[in-house]
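The values are calculated or read from the model by the stated rules, or taken from the named source; none is laboratory data. Quick caveat: nothing in here was measured; it's all calculated off a predicted structure. Heads up, the Cβs are rebuilt from the backbone with ideal geometry, glycines too, and the neighbour counts pull from every protein chain shown.
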Amino acid sequence: MSYIKKTDPEIYEYIEREKIRQAEGIELIPSENYTSPAVMEACGSILTNKYSEGYPFKRYYGGQENIDHIESIAIGRAKKLFGADHANVQPYSGSPANAAIYFAVLEFGDTVMGLKLDHGGHITHGLPIAYSGKAYNFVQYEVDINTGRIDMEEVRKLAKKHKPKLIIAGFTAYPRDIEWKKFKEIADEVGAMTMADISHTAGLIASKVLESPVPYFDIIMTTTHKTLRGPRGAIILCKEKFAKAIDKAVFPGFQGGPHEHTIAGKAIAFHEAMQPEFKKYSEQVKKNAYHLAEKLKEKGFNLVSDGTDTHLILIDLTNKNVPGRKAQEALDTVGITLNKNTIPGEPRSPMDPSGIRLGTPAITTRRMREPGMEQIADWIDRVISNIDNTDLHRKIKEEVKELCLNFPVPGIKI
Ligand code: DSN
C-alpha cells in the first residue's frame, strides 16, 4: 500500500481502517468471503490497463497476445470446474450476468418464473421495480410459509398456468437444498428453458458438497466472490446450443470491454477451487453452518425452514422482540457483521425487516471450526437478549477481537 499511502493518504487511511475491521471482526454476511492474496494480486495488476473488447483471438483491439491466453485459461478452468459445455467469464458481476442471460434468450415482455424477493429470491429475479421486473413479465413463486421450503407442486401449478419461457432457480436467502432435477422436469412439462443462479453456493457445488444443476439446466450463472472465494465478478455457463447467444448478449449486447485483471483473478480462483484443500474448506463451511444453526436453535432462535443444508442461515427474530435492523446494528458494535433480511411473508419493511441472514463462508476461510460456532452463537444470543446493554456490548467486542486475532485473515497482517 506504499504508493496509495504516498499518493492519497485519505483513501489509504480508510483502507487501513477497513483492514482492521476485517481482521478484528467476525464476518457472517453469507455472500462475503476473504479472497486469496494471489487473486488480489491479479486484481491489482497491470492487466487493468488493457482494453480487449471481443473474445480470445477475435478482438477489436491490438496487443492481445497475453490477454487472449489469460481469458482462454479462465474459460477452460471454469468449464472443467463445473463440467460445463461453455463458459463466458466476462460478466462484471451477478446483475449484469443475469440481464445478459435474459437478453440472450428472451424477448422483452416474455414470461419468466423466479422466486419472490422476500421469500429468498434476488432483485434480478423479477422484483417489479427492478430492470428484470420491468422488462419481462415475471411470475413470482414463493416458499411455503409454514415450512420455509419451496413447494414444488406449487411451482408446477404456476408453471402450467403461466407457461413461462424461462424458469429461474437458485436464490440469495434460501437455506435449503434445491431440487434441480424437479425444476427441470417442470420446465420440460411446459416447454420452458432453465436458468440456475448459483451465486451463493457455487463453491459448494464446485466441491460436490451440494448437487450441481449443470447436468440438468440450460444456463447457469454465478458470481465468483461468495463461496467460490474469487474476485468480485461473475461467469455464465451453458449448454453448447446457447453458447453463441450468451456470448453475443454479454458482448456487445450488454457490456463493453471485459475487466481482464478480474478475469485473471477468476482463473486463479478456479485453480484454487480445484485443489483438495478447497473441498475440505467447502465441507467445513457446511458443517459450521449446521453447527451454528443447531446452537442458535438451542438458544431459542427460530430459523426459517428450521435449519440449513448450505452455508446460510435465516433467523426470524419475531419471538425475540428485536427487529432485524436493531439486531444488525447492535451486532455491528461488537464486531459481528451480518445483514438484516426479510423473512417469507415479511410483515415489516425491507429497511427494517423481521430477520437477519448469516453464513459461514468467511469465518471458515479463517479456519474457525465447531467450537468457534458455539462461541459465535453465544455472542449473538447475549447481544440480542441484552439489546440495549452497551456495557455488555463493549465487553463482548473485546472477546470477539481476542478470538479473531487467533484466526488470521488471508492477506491481512496487522
Ligand atoms: N448481494 C448479494 C447477497 O448478499 O446475497 C446478492 O446479490
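Worth a mention:
- Within the stretch 221-260, being farther than 17 Å from residue 54 by Cβ, more than 16 Å from the ligand (Cβ to nearest atom) and surrounded by 18 or more Cβ atoms within 10 Å (Cβ to Cβ) holds for 237, 238, 242.
- Selection within the stretch 186-196: residues that are in contact (Cβ under 8 Å) with a residue 60 or more places away in the chain and under 23 Å from the mean Cα position of the chain (by Cα). The member of this set that is surrounded by the most Cβ atoms within 10 Å (Cβ to Cβ) is 195.
- Among the residues of the stretch 64-79, those that are crowded, with 20+ Cβ neighbours inside 10 Å, out of contact with any strand residue (DSSP E or B) (no Cβ under 6 Å at 6 or more places or on another chain) and under 21 Å from residue 237 (Cβ atoms) comprise 70, 71, 74, 77.
- Selection status of residue 297, buried (at least 18 other Cβ atoms within 10 Å of the Cβ) and within 26 Å of residue 173 (Cβ to Cβ): no
- Check on residue 39, among the β-branched types (Val, Ile, Thr), in contact with a helix residue (DSSP H, G or I) (Cβ under 7 Å, 6 or more places away or on another chain) and either in a strand (DSSP E or B) or at pLDDT below 95 (or both): no
- When 92, 136, 131 are screened for being away from the ligand (no atom under 16 Å from the Cβ) and either farther than 20 Å from residue 213 by Cα or of a type in the set (Val, Ile, Thr) (or both), only 136 passes.
- Failed criterion for residue 392 (all others in (1) among the hydrophobic types (A, V, I, L, M, F, W, C); (2) surrounded by fewer than 18 Cβ atoms within 10 Å (Cβ to Cβ); (3) in contact with a His (Cβ under 7 Å, 6 or more places away or on another chain) hold): (3)
- Residue list for the stretch 197-217, filter: under 17 Å from residue 236 (Cβ atoms), away from the ligand (no atom under 15 Å from the Cβ) and buried (at least 22 other Cβ atoms within 10 Å of the Cβ): 205, 206, 213, 217
- Of the residues in the stretch 71-78, at least one is in contact with a Pro (Cβ under 9 Å, 6 or more places away or on another chain), among the aliphatic types (A, V, I, L, M) and part of a helix (DSSP H, G or I).
- Qualifying helices (runs of 4 or more DSSP H) (wholly inside the stretch 82-185; at least 3 residues being without any contact (Cβ under 8 Å) to a residue 40 or more places away in the chain and charged (D, E, K, R)): 152-162
- Residues that are closer than 17 Å to residue 120 by Cβ and not aliphatic (A, V, I, L, M) occur at least once in the stretch 320-334.
- Filter result for the condition that a residue is polar (S, T, N, Q) and within 26 Å of residue 283 (Cβ to Cβ), over 318, 342, 337, 333: 337
- Enumeration of residues in the stretch 348-370 that are farther than 22 Å from residue 21 by Cα and either crowded, with 20+ Cβ neighbours inside 10 Å or within 16 Å of the ligand (Cβ to nearest atom) (or both): 350, 351, 353, 354, 355
- Residue within the stretch 371-382 that is buried (at least 17 other Cβ atoms within 10 Å of the Cβ) and in a loop (DSSP other than H, G, I, E, B) present: no
- For the condition within 16 Å of the ligand (Cβ to nearest atom), surrounded by fewer than 22 Cβ atoms within 10 Å (Cβ to Cβ) and not β-branched (Val, Ile, Thr), residue 176 qualifies.
- Only listed residue being surrounded by 13 or more Cβ atoms within 10 Å (Cβ to Cβ), of a type in the set (Phe, Trp, Tyr) and in a helix (DSSP H, G or I), chosen from 51, 12, 34, 3: 12
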